[in-house]
Amino acid sequence: MLILIPMNSNKRHEALITTLDQTKDWALIELDEGEIKDIRFFKRRDEIDEWIDCVVVENEQEYVWPFMEENITVLVAPTQKSIDEIVEAFLFKELHDLNV
């Protein structure tokens, strides 16, 4: 499973989620059996060739229509900021689903 998160940097343990219009880097997180298998950072979303299962955004006011048009699940991390916090919340189904 691939999860995409807009981040404020490409430093794995320092990066925090940011709004789509303030994104400096995109974190592409590969999960396998509930564990982070790989994290890659991209400057631009169009550099990513893989199918993205889910994108996590910072708030419900984000312009997420392009993701929905691509049938990508959109989740909101209302309080989670770091990659580890977001992945943990994802695994425990604590993120808000905008697709419903």
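FYI, it's all coordinate maths here, none of it is from the lab. What you see is a predicted model; the values in this text were computed from it and never measured. Note: ideal-geometry Cβ built from the backbone for every residue, glycine included; neighbour counts use all protein chains shown.
Brief remarks follow.
- Filter result (under 22 Å from residue 92 (Cα atoms), surrounded by 12 or more Cβ atoms within 10 Å (Cβ to Cβ) and over 11 Å from the mean Cα position of the chain (by Cα)) within region 40-69: 59
- Those residues of region 25-59 which are among the acidic types (Asp, Glu) and either over 20 Å from residue 81 (Cβ atoms) or touching a Gly at 6+ places or on another chain (Cβ under 9 Å) (or both), in sequence order: 30, 32, 33, 35, 38, 46, 47, 49, 50, 53
- Residue among 92, 42 that is of a type outside the set (Gly, Ala, Ser) and closer than 16 Å to residue 6 by Cβ: 42
- Complete set of residues in region 17-39 that are under 13 Å from residue 90 (Cβ atoms) and either touching a residue at least 24 places away in the same chain (Cβ under 8 Å) or of a type in the set (A, V, I, L, M) (or both): 17, 27, 29, 30, 31, 34, 36
- The single residue among 72, 5 that is surrounded by 11 or more Cβ atoms within 10 Å (Cβ to Cβ) and under 16 Å from residue 89 (Cβ atoms) turns out to be 5.
- Test: residue in region 80-94 that is among the hydroxyl-bearing types (Ser, Thr, Tyr) and loosely packed, with under 12 Cβ neighbours inside 10 Å: no
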